[in-house]
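Inspection log for the structure reproduced underneath, given as structure tokens.
The values are calculated or read from the model by the stated rules, or taken from the named source; none is laboratory data. Computed from a predicted model, the values in this text were never measured in an experiment. Heads up, the Cβs are rebuilt from the backbone with ideal geometry, glycines too, and the neighbour counts pull from every protein chain shown. Protein only, heavy atoms only, side chains kept; ligands, DNA and RNA dropped before computing areas. Shrake-Rupley method; radii C 1.70, N 1.55, O 1.52, S 1.80 Å.
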Amino acid sequence: MDVDLIFKIAAIGILVAVLNQVLSRAGRDEQAMMTTLAGLVVVLMMVVREIASLFELVKTLFGL
């Protein structure tokens, strides 16, 4: 796992937080919620990809 992944997740979190605040102040609460959910899905996809890579490494290591 790289530090790069942590920076990407932090950048997505900051961007989503700013967009959420801007949309909430503009009275577009539904779009703010959808932006938050989209950010969550993107981060979860990144994390799932890393976990899959970890499982492949463990399988290779133990010869399963």
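What the table shows:
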quantity	calculated
The chain: relative contact order as a whole-number percent, Cα under 8 Å and 6+ apart	29
Extension gain from Val41 to Leu19, taking 0.36 nm per residue of separation minus the Cα-Cα distance	6.4 nm
Heavy-atom accessible surface of the chain: percent carbon and sulfur, 1.4 Å	72
Average accessible area per residue (Å²) across region 5-49 - probe 1.4 Å, nucleic acids and ligands excluded	76
0 to 90° range, to nearest 10: angle between helix 29-62 axis and the chain longest Cα axis	10
Virtual spin-label span in nm between Leu57 and Ile9, 7 Å along Cα→Cβ	1.4
Helix-only CD estimate at 222 nm, as mean residue ellipticity for the chain, using -39500 (n - 2.57) per DSSP H run (n ≥ 4)	-32000 deg cm²/dmol
